[in-house]
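Structure first, then comments.
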Amino acid sequence: MEKLVVNSGNQLLGDVDISGAKNAALPLLASSILAEGEYCFSNVPDLLDIKTMLTLLEGLCISSKFKGKDIIIKNDGQDGQDDKSHMVAYDLVKKMRASILVLGPLLAKTKKAKISFPGGCAIGERPIDQHVKALIAMGARIDVKHGYIEANCDYLKGCDINFDMITVTGTENIVMASVLAKGETVIYNAAQEPEVVDLCNLLRKMGAQIEGDGSNTIRVKGVEGLEPASYRVMGDRIEASTFLCALAAAGGDIILRNAPAGSMSVVIEKLLETGLEIHVLDNNTIRARKGIAVKSADIVTQPYPGFPTDMQAQFMAVMSSAAGVSVITEGIFENRFMHVAELKRMGADIVLKDHSAIVKGVRNLTGTDVVCTDLRAGAGLVVAALLAEGRSNIHSIYHIERGYDSFDEKLRLLGADIKKVESE
Ligand code: EPZ
């Protein structure tokens, strides 16, 4: 097992290249189920979750290979293949909940799917009732037997879908289910995340008829068939926002390149409120500098365009040593405060009350051994280690590697004293 060793004290200086967005790349790759032929995806981040999705697609008889940094996907068609080409086994779904993203496209294209029921994870139960309810409304027959979702349909028909709550992968699954359905599907209470828009941009390139993505109502007119296409994955707004928090922690002056500034405005506004100097130089370039000491600020995580839940842990790490008291409310997941116990071991003064964490900034956190509980909590611990006094050892870093491409390497290039070593 490996760990990250961080010695604080160095400022971050220079340029950092933001990678493609994990949460855009996963549904984009799943779209390759919808049409036979060859796809070329560029700016795909090099992550464990991407490797898991490519393995999953291989199991569905959809091959992939690298061409330089691009990924070439070849769908030779699943029709006539054995049942395996419609099945996603437990070991893959256990590794990555986002495996559920193949359910909609498999039903749309091959009319059947057998996917292990995704379990919960550290941040919550993560149910998929909304996905299932919507697909049944579209004509799918769905059984849950022996831990597997077994789905089939004669065909999917367009209809009105009203989500009880905003669900990102639920919206993405139903958009991918509806592009080949008979008739029009209208999704109300749809997720507005930029990653949903990225998916719809690819589907339109493939010939789909979609309007309203980026708003809370998405209209899809089903078409007879789609064609493969090439696509460049959007920049990762969560990775870029994480680097802004790292700067707030360590100090310095950095430039983020390939950062989707247009989809980061709420995070930028909030970090400006804490005293960070941030200049959006153009749509893809952000300069940030830490001039004054960080002041506390409150956040409530909400669906896009609100403050992203995927940035809650990283922001809390910065607030742990800010001047004043910050109230951090988690509005999306029921258990996304696993990082609080680890931050308190570093000396943070945090009290949990219902869905909120009351964070009283302390002068200094102290470096120690801490454990990542999930992907974004891990990133938050790295941010905390950059501002803590002394040395920190961060364990279970595979969580971080699921969602951050070369995170320690990028921080080291900016001047941070961080290295990956084998745990004793
Ligand atoms: C996506 O997860 C992201 N993952 C998550 O990022 C992100 O935190 C989350 O959206 C919220 O923004 C990907 O895009 C691959 P949801 P998703 O369905 O789609 C409840 C990361 O760190 N719900 O929007 O699984 C659910 O329990 C990951 O990159 C139901 O009750 O999240 C949650 O409370 C973590 N029933 C809320 O809705 C359902 O059928 C939002 O979940 C679906 C969701």
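The values are calculated or read from the model by the stated rules, or taken from the named source; none is laboratory data. For clarity, every value in this text was computed on a predicted model and none was experimentally measured. We place every Cβ from the backbone using ideal geometry, glycine too, and count neighbours over all the protein chains shown.
When segment 122-148 is filtered for residues that are away from the ligand (no atom under 15 Å from the Cβ), assigned to a strand (DSSP E or B) and not hydroxyl-bearing (Ser, Thr, Tyr), the ones remaining, listed by number, are 141, 143, 145.
Whenever a residue of segment 306-322 is under 13 Å from residue 333 (Cβ atoms), its partners that are among the aromatic types (Phe, Trp, Tyr) and surrounded by fewer than 24 Cβ atoms within 10 Å (Cβ to Cβ), lying with C-beta atoms within less than 7 angstrom and at least six residues away or across chains, give the pairs 309/333.
Any chance segment 54-68 includes a residue that's in contact with a Gly (Cβ under 9 Å, 6 or more places away or on another chain) and within 16 Å of the ligand (Cβ to nearest atom)? Among the residues of segment 54-68, not one is in contact with a Gly (Cβ under 9 Å, 6 or more places away or on another chain) and within 16 Å of the ligand (Cβ to nearest atom), which makes the answer no.
Condition first: part of a helix (DSSP H, G or I) and in contact with a Gly (Cβ under 9 Å, 6 or more places away or on another chain). Now tell me which residues in segment 273-310 satisfy that.
At the first step, the residues of segment 273-310 found to be part of a helix (DSSP H, G or I) are 273, 309-310.
Across segment 273-310, the qualifying residues are 309, 310.
Restricted to helices (runs of 4 or more DSSP H) entirely inside segment 28-112, those with at least 2 residues that are of a type in the set (Val, Ile, Thr) and touching a residue at least 24 places away in the same chain (Cβ under 8 Å) are 48-59.
Listed conditions (1) in contact with a helix residue (DSSP H, G or I) (Cβ under 8 Å, 6 or more places away or on another chain); (2) within 13 Å of the ligand (Cβ to nearest atom) are all met by residue 153, apart from (2).
Working only within segment 157-186, note down all residues that are away from the ligand (no atom under 16 Å from the Cβ) and not in a strand (DSSP E or B).
Residues of segment 157-186 away from the ligand (no atom under 16 Å from the Cβ): 157-160, 178-186.
Residues satisfying the conditions are 158, 159, 178, 179, 180, 181, 183.
Among the residues of segment 290-306, not a single one is within 23 Å of the chain's Cα centre (by Cα), among the acidic types (Asp, Glu) and either buried (at least 22 other Cβ atoms within 10 Å of the Cβ) or within 27 Å of residue 30 (Cβ to Cβ) (or both).
Selection of segment 372-414 for residues being away from the ligand (no atom under 16 Å from the Cβ), among the basic types (Lys, Arg) and assigned to a helix (DSSP H, G or I) yields 410, 412.
Residue pairs whose Cβ atoms lie under 8 Å apart, separated by 6 or more positions or on different chains, with the first residue in segment 165-185 and assigned by TED's automatic domain parsing to the domain that holds residue 207 and the second near the ligand (Cβ under 7 Å from one of its atoms) and small (Gly, Ala, Ser), are 166/191; 167/191; 168/191; 169/98; 170/191; 171/191; 172/191.
Quick check on segment 225-245. Is at least one of its residues aromatic (Phe, Trp, Tyr) and surrounded by fewer than 21 Cβ atoms within 10 Å (Cβ to Cβ)? If you could, list the steps in order and put the result at the bottom.
Of the residues in segment 225-245, the ones aromatic (Phe, Trp, Tyr) are 231, 243.
Okay, now just the ones that are also surrounded by fewer than 21 Cβ atoms within 10 Å (Cβ to Cβ), so none.
Within segment 225-245, not a single residue is aromatic (Phe, Trp, Tyr) and surrounded by fewer than 21 Cβ atoms within 10 Å (Cβ to Cβ).
Quick check: is even one residue across segment 202-215 in a strand (DSSP E or B), of a type in the set (Gly, Ala, Ser) and surrounded by fewer than 21 Cβ atoms within 10 Å (Cβ to Cβ)? Steps first, answer last, please.
Taking segment 202-215 as the starting set, the residues that turn out to be in a strand (DSSP E or B) are 209-211, 213, 215.
Keeping just the survivors that are of a type in the set (Gly, Ala, Ser) gives 215.
Restricting the remaining residues to those that are surrounded by fewer than 21 Cβ atoms within 10 Å (Cβ to Cβ) gives 215.
Scanning segment 202-215 turns up at least one residue that is in a strand (DSSP E or B), of a type in the set (Gly, Ala, Ser) and surrounded by fewer than 21 Cβ atoms within 10 Å (Cβ to Cβ).
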